[in-house]
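Novice: Submitted below is the structure of interest, expressed as structure tokens.
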Amino acid sequence: MQSVFLTITISCLVLFWLAVQHKLSVAVYITWAFIISSAAIAGFFGKFPASFALTLLGTAITILCCYKLLAHSKINMYLLLAIHLLRIPVEYLLFALFKAKMLPWEMTFIGCNHDLFFGITAFVFLIIGIFHPKIFNFQIFRLWNIFGVCSVLIVVILGILSSPIPIQTIAFDQPNIAMLQFPYALLPTVIVPLIILSHILLLRNSVTSKFQ
């Protein structure tokens, strides 16, 4: 599973790079991924689980910084949409981690995680957009991005509340320990931020761009 997850992570970073073509923003994410990976490999999050919650602050700052860096950059809508296709294999990987008793059912598609829907519908928008680019100006596409961000944030909250930290309130019988280990620590700190940023950029361009 680890090799599959690393492949997904690298694919996400490559698609993001191809979509934005902005060296500094990609460098920020690669640096952040290196920091998280080093801490996870060293077992730091396993020894001090509460510290992982603090990384979410760094993750939020990373999203904000990259968005500002990309404020005036042209983006490729199709490649940003392609990033969301990776949510499909991620969901099946999360289910495998649940079966391995490394995270709770609430974080899977049989629980409270609806990201599989957004991965599938991203494919639909991608195909329609190839032939009818004006779909990106439709309200349904904007709502899709808004609800897509909400879906991701719900899973993040579930991941926090099910982690073995002082604020844990759910999943005491099978807590979220996967996110404290390498390479799965990269999911909430690298993949999720890229998905959120992709939604925000798609939404921004949907409002400001006109497709013929």
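For every residue, the table says whether it meets (1) modelled with pLDDT under 90; (2) farther than 24 Å from GLY119 by Cα; (3) of a type in the set (S, T, N, Q); (4) touching a helix residue (DSSP H, G or I) at 6+ places or on another chain (Cβ under 7 Å).
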{"position": "VAL4", "(1), (2), (3), (4)": "no, no, no, yes"}
{"position": "ILE10", "(1), (2), (3), (4)": "no, no, no, no"}
{"position": "TRP17", "(1), (2), (3), (4)": "no, no, no, yes"}
{"position": "ALA27", "(1), (2), (3), (4)": "no, yes, no, no"}
{"position": "THR31", "(1), (2), (3), (4)": "no, yes, yes, no"}
{"position": "GLY43", "(1), (2), (3), (4)": "no, yes, no, no"}
{"position": "TYR67", "(1), (2), (3), (4)": "no, no, no, yes"}
{"position": "SER73", "(1), (2), (3), (4)": "yes, yes, yes, yes"}
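Novice: Filter the stretch 115-135 down to residues that are of a type outside the set (Val, Ile, Thr) and touching a residue at least 40 places away in the same chain (Cβ under 8 Å) and give me whichever is most open to solvent (accessible area, probe 1.4 Å).
Specialist: Start the filter on the stretch 115-135 by keeping residues that are of a type outside the set (Val, Ile, Thr), which leaves 115-119, 122-123, 125-126, 129, 131-134.
Okay, now just the ones that are also touching a residue at least 40 places away in the same chain (Cβ under 8 Å), so 115, 122, 125-126, 129, 133-134.
Numbers: ASP115: 14, ALA122: 0, PHE125: 21, LEU126: 27, GLY129: 0, PRO133: 30, LYS134: 110 Å².
The residue in question is LYS134.
Novice: Hey, can you tell me all the residues within the stretch 1-39 that are among the small types (Gly, Ala, Ser) and either surrounded by fewer than 16 Cβ atoms within 10 Å (Cβ to Cβ) or on the phi > 0 side of the Ramachandran plot (or both)?
Specialist: Kept after step one, since they are among the small types (Gly, Ala, Ser), are these residues of the stretch 1-39: 3, 11, 19, 25, 27, 33, 37-39.
Across the stretch 1-39, the qualifying residues are SER3, ALA27, SER38.
Novice: Further, regarding this structure: For the stretch 136-150, name all the residues that are surrounded by fewer than 19 Cβ atoms within 10 Å (Cβ to Cβ) and in a helix (DSSP H, G or I).
Specialist: First, pick out the residues of the stretch 136-150 that are surrounded by fewer than 19 Cβ atoms within 10 Å (Cβ to Cβ): 137-140, 142-143, 146-147, 149-150.
Passing the criteria: ASN137, GLN139, ILE140, ARG142, LEU143, ILE146, PHE147, VAL149, CYS150.
Novice: How many residues are touching a residue at least 40 places away in the same chain (Cβ under 8 Å) and under 15 Å from LEU85 (Cα atoms) if we restrict to the stretch 5-17? Working first, answer last.
Specialist: In the first step, residues of the stretch 5-17 are kept if they are touching a residue at least 40 places away in the same chain (Cβ under 8 Å); the result is 5-6, 8-9, 11-13, 15-16.
Next, only the ones that are under 15 Å from LEU85 (Cα atoms) stay: 5, 8-9, 11-13, 15-16.
So the answer is 8.
Novice: Mind checking which residues of the stretch 53-82 are open to solvent by less than 20 Å² (accessible area, probe 1.4 Å), more than 15 Å from the chain's Cα centre (by Cα) and over 14 Å from LEU194 (Cβ atoms)?
Specialist: The one that is open to solvent by less than 20 Å² (accessible area, probe 1.4 Å), more than 15 Å from the chain's Cα centre (by Cα) and over 14 Å from LEU194 (Cβ atoms): MET77.
Novice: Inside the stretch 1-26, can you point out the residues that are under 17 Å from the mean Cα position of the chain (by Cα) and of a type in the set (Gly, Ala, Ser)?
Specialist: SER11, ALA19, SER25, listed by residue number.
Novice: Just to be sure I understand the filter: pairs with C-beta atoms under 6 Å, separated by 6 or more residues or on different chains, first member in the stretch 157-174 and part of a loop (DSSP other than H, G, I, E, B), second member open to solvent by 80 Å² or more (accessible area, probe 1.4 Å). Which pairs pass?
Specialist: GLN174/LYS101
Novice: Could you list, in sequence order, the residues of the stretch 83-104 that are hydrophobic (A, V, I, L, M, F, W, C), under 20 Å from HIS199 (Cβ atoms) and surrounded by 20 or more Cβ atoms within 10 Å (Cβ to Cβ)? Walk me through how you get there before you give the answer.
Specialist: First, pick out the residues of the stretch 83-104 that are hydrophobic (A, V, I, L, M, F, W, C): 83, 85-86, 88, 90, 93-98, 100, 102-103.
Applying the additional criterion that residues be under 20 Å from HIS199 (Cβ atoms) yields 83, 85-86, 88, 90, 94.
Across the stretch 83-104, the qualifying residues are ILE83, LEU86, VAL90, LEU94.
Novice: Got a number for residues in the stretch 105-114 being open to solvent by 70 Å² or more (accessible area, probe 1.4 Å) and either in contact with a Phe, Trp or Tyr (Cβ under 6 Å, 6 or more places away or on another chain) or among the aliphatic types (A, V, I, L, M) (or both)?
Specialist: Of the residues in that region, 2 qualify.
Novice: Look at ALA42 and say whether it is without any contact (Cβ under 8 Å) to a residue 60 or more places away in the chain, of a type outside the set (Ser, Thr, Tyr) and surrounded by 18 or more Cβ atoms within 10 Å (Cβ to Cβ).
Specialist: Numbers: without any contact (Cβ under 8 Å) to a residue 60 or more places away in the chain: yes; of a type outside the set (Ser, Thr, Tyr): yes; surrounded by 18 or more Cβ atoms within 10 Å (Cβ to Cβ): no.
So ALA42 fails the test.
Novice: Which members of the stretch 118-144 meet the condition of being touching a Ser or Thr at 6+ places or on another chain (Cβ under 8 Å) and closer than 27 Å to ILE157 by Cα?
Specialist: PHE118, PHE141, ARG142, TRP144
The values are calculated or read from the model by the stated rules, or taken from the named source; none is laboratory data. Everything numeric here is computed off the predicted structure, so don't read it as measured data. FYI the Cβ positions are ideal-geometry reconstructions off the backbone, even for glycines, and counts take in every protein chain you see. Note: accessible area is taken over every heavy atom of the protein model, side chains too, but ligands, DNA and RNA are not part of it. Shrake-Rupley method; radii C 1.70, N 1.55, O 1.52, S 1.80 Å.
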